[in-house]
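> Below you will find the structure I want to go over with you.
Only the coordinates and a few stated rules stand behind these numbers; no lab work does. This structure is a prediction, so every number in the text was calculated from the model and none was measured. When we count neighbours, we look across all protein chains shown, and the Cβ atoms used for this are built from the backbone with ideal geometry, even at glycine.
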Amino acid sequence: MNDKKNDTTDVVPEPKGVSRRSFLGTGAVTGAVLAGATALGAGTFTRESWAAAAKEAKSRIHVAPGELDEYYGFWSGGHQGEVRVLGVPSMRELMRIPVFNVDSATGWGLTNESKLILGDSAKYQNGDCHHPHISMTDGKYDGKYLFINDKANSRVARIRLDIMKCDKILTVPNVQAIHGLRLQKVPYTKYVFANAEFVIPHPNDGRTFDLQDKNSYTMFNAIDAEKMEMAFQVIVDGNLDNSDADYTGKYAASTCYNSEKAYDLGGMMRNERDWVVVFNIPRIEAAIKAGKFITLEGSSVPVVDGRKTDGKDSEFTRYIPVPKNPHGCNTSSDGKYFIANGNLSPTVSMIAIDRLDDLFAGRYKDPREVIVAEPELGLGPLHTTFDGRGNAYTTLFIDSQVVKWNMDEAIRAYKGEKVNYIKHKLDVQYQPGHNHASLTETSEADGKWLVVLCKFSKDRFLPTGPLHPENDQLIDISGEEMKLVHDGPAFAEPHDCILARRDQIKTQKIWNRNDPFFAPTVERAKKDGINLETDNKVIRDGNKVRVYMTSMAPAYGLTEFTVKQGNEVTVTITNIDQIEDVSHGFVMTNHGVSMEISPQQTSSITFIADKPGLHWYYCSWFCHALHMEMVGRMLVEKA
Ligand code: CUK
Ligand code: CUA
Ligand code: CA
């Protein structure tokens, strides 16, 4: 227990054992969920032993000035659209990686290099990130890429971890709202698995809006991780929420909360059970290789049908009924279970991965025979994470708690043995969604830290008006009991984060001149006969003007250039500084132009010189004692 007491009887947690409300029937629980939505304002804290607790917590997470953290944390930026890099356990924010947003500091969404990566989707300036995941080899992080979804515009992005920049974005075709995203763990991340959440008509051209129509469905998507191109799509029954992959490379699983294919709340809760759908990856690959697939109108992506026909399973999928409206889907770090989190049910369902071969071979009458336990944990279980010592940690949204429970004991209890598999319950502040233990998605789960991403912070921080920050809490899980050690206010709902050991991430100190990130710009310069490292030149090409210059603290290679009003101007700057950390910027005042040029980087930006007169440009990153003097003038002659 942490040392704070909650003064409302409604949310008083029991430190150990099963919550008194967890035995409510499903119907009552559904009622509690709906009531919970209005009862969230309840608790206030008394802070009697705050000082002592705070002191102890501080010593656990303190990373002294100049010292480095043990873990990299990659945080989803939620509907802010970026990825944030934090040090753990200090929870210091180290960097922000713009992805689906427009970023003024780096020029992401403004520069030609970033627009090329954003592709057709550059027209969207919003995103909604949920699930950041690091590429793996043999079930361990290889530190190469981080992938993240954009639910808002149905995209998946890849970040190169050596430079911590987004290098590819793919809009997943034929679907709406990419939500659950996980990576193949074994033998390596060949596929990014991405769930499209919403059921839509196919083709979605207005000829029908009926979700019950047999041509209304959503799809499970596999993306080739290296090429960032679609590999295949699988039509499913119901919808798709979260997913995960196993440690054999054979199976992926997804939760479905809308087996009803309903469009409203009541409809989506109609069925007593929804399901987990399991995908047989080798069978799908074999069918595609054999040419047994279809394509949808206007798309060349191979599609296979994973729906049941007349109650009969397809060869590609199995549907395992679980209590209604499950949410999170998590593979235990020992590789044994897919765990579906009950959400509306106080339970989680443990699916034995070693029974899936038999399930696909048709050896079970009832697909629920693959479920080896369904422990009751408390109200609103959303996501589960693991410590590598046989324990699981599940967030309880409604109870505002994290529950630590033992997987083997839960299985024994399911068989009828009298064991208390609940090890500890800890209050969190408040209403947690995802949680993530250090290295939990890999075979190296080390059981040291647990991050809990709370959706509400209420009274935990200085008030910031009607919009409150979220609260990302850090919990020490190295002992028997969980200990809350840090509160981390965060903007715009991170949803999920991932932790990697610091030795697993290897970054470049300065850019490599041959980096593919700006290779297209280098190519174009070559066509103009420009040596980017030495030339400062203006190329006139009809109405287009291309300005090439170098930057080296504290000066641009060109302090003046002249164009005609109405010219389309592309400024390309190469930072020839070789000194780590000496980034320059380029801002053309009153033109909406801003970009970053880090050591040995080439960046370019295009704009219309629509106003005659003198326009100053300046360096926006403080690079030198004479940084203020790092300026130049664009002279625009009247048309
Ligand atoms: S989801 Cu947000 S709390 Cu998008 Cu992984 Cu569960
Ligand atoms: Cu260059 Cu400031
Ligand atoms: Ca449902």
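> What number comes out for the charge environment of residue 335, summing +1 per Lys or Arg and -1 per Asp or Glu over other residues with Cβ under 10 Å away?
So the surrounding residues net to -1.
> When 1/r is averaged over all different Cα pairs and the result inverted, which Kirkwood radius in Å belongs to the range 334-470?
16.0 Å
> Over what distance in Å are the Cα centres of the range 354-414 and the range 60-111 separated?
Their Cα centres are 32 Å away from one another.
> Okay, moving on. Report the relative contact order of the chain, percent, no decimals, based on alpha-carbon pairs under 8 angstrom and at least 6 residues apart. Working shown, then result.
Values: 1728 pairs, mean separation 71.1, N = 639.
Rounded, it is 11 percent for the chain.
> Using modelled backbone amide H atoms (1.01 Å from N, in-plane), which distant-in-sequence or interchain residues come within less than 5 Å of residue 198's amide H?
176
> Could you rank the peptides 237-250, 337-350 by their average count of other C-beta atoms within 10 Å per residue, with the highest value first?
Ranked by mean Cβ neighbours within 10 Å, highest first: 337-350, 237-250.
> For the range 519-639, what log10 I(q)/I(0) values come out of the Debye formula at q = 0.17 1/Å, with one point per alpha carbon and no solvent?
-0.79
> Could you derive backbone 3J(HN,Hα) for the range 215-231 from the dihedral phi with the Karplus parameters 6.51, -1.76 and 1.60 (θ = phi - 60°), listing whole Hz in sequence and x where the residue is Gly or Pro?
8, 9, 6, 10, 9, 8, 10, 10, 10, 5, 5, 7, 7, 6, 10, 5, 9
> Filter the cross-link list 404/483; 55/458; 190/289; 292/365 down to pairs whose alpha-carbon distance in this structure exceeds 20 Å.
Distance filter (> 20 Å) returns 55/458; 292/365.
> Return the whole-Å distance between the Cα centroid of the range 475-529 and the Cα centroid of the range 564-637.
The range 475-529 and the range 564-637 have Cα centres spaced 26 Å from each other.
> Also: Return the sequence-ordered ³J(HN,Hα) values of the range 431-442 in whole Hz as given by the Karplus equation 6.51 cos²θ - 1.76 cosθ + 1.60 applied to θ = phi - 60°, using x for Gly and Pro.
Once θ is set to phi - 60°, the couplings for the range 431-442 become 6, x, x, 6, 9, 8, 8, 4, 6, 4, 8, 10 Hz.
> Kindly rank 208-214, 624-630 from highest to lowest mean number of other beta carbons found within 10 Å of each residue.
Highest mean packing first, the order is 624-630, 208-214.
> Cut-off under 13 Å on the C-alpha distance; same-chain residues fewer than 8 positions from residue 564 excluded. Which aspartates and glutamates are left, in chain and number order?
Qualifying aspartates and glutamates at Cα under 13 Å: 541, 610, 637.
> Report ³J(HN,Hα) in whole Hz for each residue of the range 577-587, in order, from the Karplus equation J = 6.51 cos²θ - 1.76 cosθ + 1.60 where θ = phi - 60°; Gly and Pro get x.
4, 10, 8, 3, 6, 8, 8, 10, x, 9, 10
> Which of 94, 118 comes first, and how do the rest follow, when ranked by fewest Cβ neighbours within 10 Å?
By the 10 Å Cβ count, ascending: 94, 118.
> Would you please give the residues with an amide H less than 5 Å from that of residue 633, counting only those at least 5 places away or on a separate chain, with H modeled from the backbone geometry?
Here 560, 561, 617 satisfy the definition.
> Here's another thing I want to ask about it. At a 10 Å Cβ-Cβ cut-off, how would you order 591, 179, fewest neighbours first?
Sorted ascending by nearby Cβ count, the order is 591, 179.
> Arrange the following residues from fewest to most other Cβ atoms within 10 Å of their Cβ: 383, 468.
468, 383
> Here is a further query. Starting from the Cα gyration tensor of the range 197-327, take the square roots of the eigenvalues, sort them a ≥ b ≥ c, and report rounded, prolate or oblate (rounded when a/c is under 1.5, otherwise prolate if a/b is larger than b/c, else oblate). Mind dumping the intermediate values first?
Numbers: a/c = 1.78, a/b = 1.22, b/c = 1.46.
Here the range 197-327 falls in the oblate category.
> Quick one: of 144/312; 58/324; 115/506, which pairs are farther than 30 Å apart, Cα to Cα?
144/312; 58/324
> Taking every pair of alpha-carbon atoms in the chain, give the share separated by more than 32 Å as a whole percent.
Numbers: 106971 of 203841 pairs.
Everything past 32 Å amounts to 52 percent.
> Per DSSP H run of n ≥ 4, the term is -39500 (n - 2.57); total these for the chain, divide by its residue number, and report the mean residue ellipticity at 222 nm rounded to 500 deg cm²/dmol.
-3000 deg cm²/dmol
> Another question about this same structure. Cα centroid distance between the range 280-335 and the range 196-214, in Å?
Measuring centre to centre over Cα atoms gives 19 Å.
> If you don't mind, another one. Could you give the length gained on full extension between residue 297 and residue 265, defined as 0.36 nm per residue of separation minus the Cα-Cα distance, in nm?
The span from residue 297 to residue 265 would gain 8.4 nm if fully extended.
> Please list, in order, the residues from the range 360-394 whose amide nitrogen is less than 17 Å from a point placed 7 Å along the Cα→Cβ vector of residue 313.
Output list for this probe position: 360-372.
> Another question about this same structure. Need one word for the range 127-273: rounded, prolate or oblate. Basis is the Cα gyration tensor (sqrt eigenvalues a ≥ b ≥ c); a/c below 1.5 gives rounded, then a/b vs b/c decides.
Taking the square roots of the gyration eigenvalues as a ≥ b ≥ c, the range 127-273 is prolate.
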